[in-house]
Amino acid sequence: MVGFEDTVTSLRLVMSGLTTRTANIKVIVPHPRRHTALLMQRIEDSVMRRILRGVEPKTKVADLIRGLYFDTVNNYSGALRCSCEAFGSDHIMLGPTFPT
């Protein structure tokens, strides 16, 4: 799946605690390809299963992901709406797909 590595890297960053330890650094995820936005519910479900097993995270993973910034190199309005809903419009950076 092309672009899925951005989602995996984003999750690894927040799950490792790096984004919490370095809260003053803004992380921009380039070309997220919407996988992260589309998987937010699955991520939450996975965390809930861990909580039920007794492994309770200190901070909600979805909140940590929403702390990242995402570019939107995409001209499809549906994808932009999905990203805005998942991450918040204040964490979306508009960008062209090619230099202008």
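Candidates in segment 77-100 are the residues that are among the small types (Gly, Ala, Ser) and part of a loop (DSSP other than H, G, I, E, B); of these, the one that is modelled with the highest pLDDT is Gly88. Do you know which residues across segment 24-76 are in a loop (DSSP other than H, G, I, E, B), at pLDDT below 80 and over 18 Å from Phe4 (Cα atoms)? Within segment 24-76, Arg53, Gly54, Val55, Glu56, Pro57, Lys58, Thr59, Lys60, Asn75, Tyr76 qualify.
The values are calculated or read from the model by the stated rules, or taken from the named source; none is laboratory data. Everything numeric here is computed off the predicted structure, so don't read it as measured data.
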